[in-house]
Structures are given as structure tokens and as C-alpha cells.
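Trainee: Please see the structure below; I have some questions.
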Amino acid sequence: MVYIQEAHPTDLWQLPVNQRDGVLFTSAHTTDERRETASACVRKLGLSIPALCDGVNDATERAYTGWPDRLYLIGRGGRVLYKSAPGPFGFQPAALEQALQAPSVFAGSVVPDRTARP
């Protein structure tokens, strides 16, 4: 996962549901501020997958058009193997699963054991 700019910061476009749920973050002006917000979101959402953070220059968001959110599968060498429509309504988990099962995804690397349970 790559955390990009906050979608609903308190200083721009705050949603009532964010106020109700206590998801209150201002727009980050430094990379450190964005990392703090990203860390808080990872904790609040209970994510157990690795998370990276886009810098305040928004280079990753601009390169991949990630706002508001998208699912990508990036292969070896940075090649995009799957790109969803904008989420959450454009997400098609079955299509991502199919892309993950394609033999070319893990060519030359160790295939993860999908039968193991955390």
C-alpha cells in the first residue's frame, strides 16, 4: 500500500463521517507530517500489510493516478500488471485475484504460499 495525500483533510474537504469517526487530519506540508498521518491511518484501519508513504511532492500519486484510491499490481521492473478503476466502487477483487494468479506475476521469484493463514 502507498499512502498518498489525505483525501478529506480538515482544512479542505472534511466529511461528517470523518468527524463522527475521529478521522481528523490537516493537509501535510512536509513529508514527516504525511508519514505521521499515514502511520495513524494504518493503525486506525488495523492494516497488516506493508505501507509506504508518498512524499509531499505527490510523485507516486501523479505517476499512478491513485486519488482517491486504486488497486495496482506492480510486477518486476516496475511494470503495471493490473490497475483498477477508481475505488472503492471501481474495485473488482476477482480481477485482481486473477492477475495475482497469472504465471507471469512471479516469474523468476518465489511464489508466496497462499494456503498459510495468519
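The values are calculated or read from the model by the stated rules, or taken from the named source; none is laboratory data. Just so you know, these numbers come straight off a predicted model, no measurement behind them. Positions of Cβ are backbone-derived with ideal geometry, glycine not excepted, and every protein chain shown enters the neighbour counts.
Trainee: As an exercise: evaluate PRO88 against (1) within 30 Å of PRO103 (Cβ to Cβ); (2) under 11 Å from the mean Cα position of the chain (by Cα); (3) modelled with pLDDT under 85 and give the number of the one condition it does not meet.
Mentor: The failed condition is (2).
Trainee: Among the residues of region 12-30, count how many are among the hydroxyl-bearing types (Ser, Thr, Tyr) and over 19 Å from ARG43 (Cβ atoms). Walk me through how you get there before you give the answer.
Mentor: Here is the first cut: in region 12-30, the ones among the hydroxyl-bearing types (Ser, Thr, Tyr) are 26-27, 30.
After this cut, where a residue has to be over 19 Å from ARG43 (Cβ atoms) as well, the list is 27, 30.
Adding up the residues that qualify gives 2.
Trainee: Can you name the condition, by its number, that LYS83 falls short on among (1) touching a helix residue (DSSP H, G or I) at 6+ places or on another chain (Cβ under 9 Å); (2) modelled with pLDDT under 80?
Mentor: Looking at each condition in turn, LYS83 falls short on (2).
Trainee: Next question, about the same structure. Take region 1-45 and flag every residue that is in contact with a helix residue (DSSP H, G or I) (Cβ under 9 Å, 6 or more places away or on another chain), hydroxyl-bearing (Ser, Thr, Tyr) and not in a loop (DSSP other than H, G, I, E, B).
Mentor: TYR3
Trainee: Suppose we filter ASP11, ASP21, ASP54 for residues that are of a type outside the set (A, V, I, L, M) and in contact (Cβ under 8 Å) with a residue 24 or more places away in the chain; which single one remains? Give the steps one after another, and end with the answer.
Mentor: On the way: ASP11 fails: in contact (Cβ under 8 Å) with a residue 24 or more places away in the chain; ASP21 fails: in contact (Cβ under 8 Å) with a residue 24 or more places away in the chain.
Going through ASP11, ASP21, ASP54 in turn, just one is of a type outside the set (A, V, I, L, M) and in contact (Cβ under 8 Å) with a residue 24 or more places away in the chain: ASP54.
Trainee: Something else now. Check whether at least one residue in region 61-71 is surrounded by 14 or more Cβ atoms within 10 Å (Cβ to Cβ) and among the polar types (S, T, N, Q), and report yes or no. Break it down stepwise before answering.
Mentor: Just the residues of region 61-71 that are surrounded by 14 or more Cβ atoms within 10 Å (Cβ to Cβ), to begin with: 61, 64, 66, 69-71.
Those still in the list that are among the polar types (S, T, N, Q) too: none.
No: zero hits.
Trainee: Continuing with the same structure: Do we have any residue at all in region 33-53 that's in contact with a strand residue (DSSP E or B) (Cβ under 6 Å, 6 or more places away or on another chain) and either loosely packed, with under 13 Cβ neighbours inside 10 Å or at pLDDT below 85 (or both)?
Mentor: Among the residues of region 33-53, at least one is in contact with a strand residue (DSSP E or B) (Cβ under 6 Å, 6 or more places away or on another chain) and either loosely packed, with under 13 Cβ neighbours inside 10 Å or at pLDDT below 85 (or both), which makes the answer yes.
Trainee: Okay, moving on. Go through region 46-82 residue by residue and tally those that are in a strand (DSSP E or B) and either over 11 Å from the mean Cα position of the chain (by Cα) or aliphatic (A, V, I, L, M) (or both). Please lay out each step first, then the result.
Mentor: Taking region 46-82 and keeping what is in a strand (DSSP E or B), we get 52-53, 72-74, 80-82.
Pick out the ones that are also either over 11 Å from the mean Cα position of the chain (by Cα) or aliphatic (A, V, I, L, M) (or both) and you get 52, 73-74, 80-82.
Number satisfying all stated conditions: 6.
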